[in-house]
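Each remark here refers to the structure printed beneath this line.
The values are calculated or read from the model by the stated rules, or taken from the named source; none is laboratory data. Quick caveat: nothing in here was measured; it's all calculated off a predicted structure. Methodologically, a virtual Cβ is constructed for each residue, glycine included, from the backbone with ideal geometry; neighbour enumeration extends over all protein chains shown.
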Amino acid sequence: MSEILLGVNNCFAIGRYSEPAAWLGIVKNELGLKHVQFSYDLLDPVIIDDETFKSKCLEIKRLADSMGVSIDTAVTGEVVHKFNCLLEPDPALRKCYLRWFEKMVRAGALLGVDGAGVYLGTLSQTDHENLKRRNYLIEVLLEGITHLTAIARESNQKYFLWEPMSVPRELPCTIDETKSMIERANEFSHVPVRLCLDVGHGYIRSGDPRDSDAYTWLRELGHLSPVVHMQQTDGKGSRHWPFTEEYNKIGVIVPERIFETIEETGIEKTIIVFEFFYSAHAIPDESAIDNLKASVEHWQNALQKVYG
């Protein structure tokens, strides 16, 4: 029987609950959770000077430990997702992005995480359409991953995380491509390269129906994913909806089916991480917390129903 834990990405706190004591208090006291995935949208490792950054990471770690909350993983966040990063066409800019990732991984040691990473980059349209350039940049990406796994090892982390995405310019985005690239990434890695699957990241325009089905992704690759991003979605895009009554009526993600699929894979342990994006202008603060509470309750009830 698999061990399934519930956690939350603290992206829900961006702009609203930026104080560590505030978002940790919500995780522990409002949601009743003990596992957090830290988003660097709340603490950029490059914009903030080294001394202040180190001080804030240590403060967060002390608070989390005192509250019995584990920061298991740390991830790039939404802001970095706006950039080409490790697939940037310009080599000088790409080198700058690599430095960002280096600092991000090293910061994981301060937070005490098992692994860091997630979104690694996207090809420009020009490079995507040029097969020679695309293949070249894939090699550059894999070299960058090898370098970052060495830093992860130096930082006493167990693995490096890579999240499959939803469009061909963001690598990888199909099941077969993910299998191939994760195998290649692990050929020379210094710690294992693992996945952070997201149930909303299917490639809906793929000619292979496997690529648009969240359960197939989990069935075929869940054994490589120590954490899984969980969102409610209609299967037509990465919606990042909460698991409220409104969205559960139109969503395709059913906790019991997720548990059944996890059990089929033989996964020993995984952390289901709720990842909900709340615009500061589109939803009141109290509604964001209510949606989080409803989502956690929905999954806890399902866990109790299935596992007792």
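What to note about this one:
- Residue check for Pro45: touching a residue at least 40 places away in the same chain (Cβ under 8 Å) and not aromatic (Phe, Trp, Tyr): yes
- Highlighted here are the helices (runs of 4 or more DSSP H) found entirely within the stretch 231-308 that include at least 1 residues which are in contact (Cβ under 8 Å) with a residue 24 or more places away in the chain, over 16 Å from Cys11 (Cβ atoms) and among the hydroxyl-bearing types (Ser, Thr, Tyr): 255-265, 285-307.
- Within the stretch 175-192, residues that are at pLDDT 95 or above have Cβ atoms under 7 Å from residues that are hydroxyl-bearing (Ser, Thr, Tyr) and not in a helix (DSSP H, G or I) in these pairs: Val191/Tyr159; Pro192/Tyr159, counting only partners at least 6 apart in sequence or on another chain.
- Neighbours by Cβ (under 9 Å, 6+ apart or cross-chain): first from the stretch 121-141, at pLDDT 95 or above and part of a helix (DSSP H, G or I); second surrounded by 10 or more Cβ atoms within 10 Å (Cβ to Cβ) and among the aromatic types (Phe, Trp, Tyr): Asp127/Tyr136
- Hey, Ser155 more than 20 Å from Asn84 (Cβ to Cβ) and either of a type in the set (Asp, Glu) or loosely packed, with under 14 Cβ neighbours inside 10 Å (or both) or not: no
- If you go through the stretch 193-213 and pick out every residue that is in contact (Cβ under 8 Å) with a residue 40 or more places away in the chain and closer than 22 Å to Phe259 by Cβ, you end up with 5.
- Set Ile204, Ile258, Ile250: member being hydrophobic (A, V, I, L, M, F, W, C) and closer than 25 Å to Met1 by Cβ: Ile258
- Residue check for Asn10: more than 19 Å from the chain's Cα centre (by Cα), closer than 15 Å to Lys293 by Cα and free of Cβ contacts under 8 Å to residues at least 40 places away in the same chain: no
- Any chance Ile253 is within 30 Å of Arg16 (Cα to Cα), at pLDDT 95 or above and surrounded by 21 or more Cβ atoms within 10 Å (Cβ to Cβ): yes
- Filtering the stretch 46-82 to residues that are part of a helix (DSSP H, G or I), closer than 15 Å to Leu111 by Cβ and of a type in the set (A, V, I, L, M) leaves Leu58, Ile60, Leu63, Ala64, Met67.
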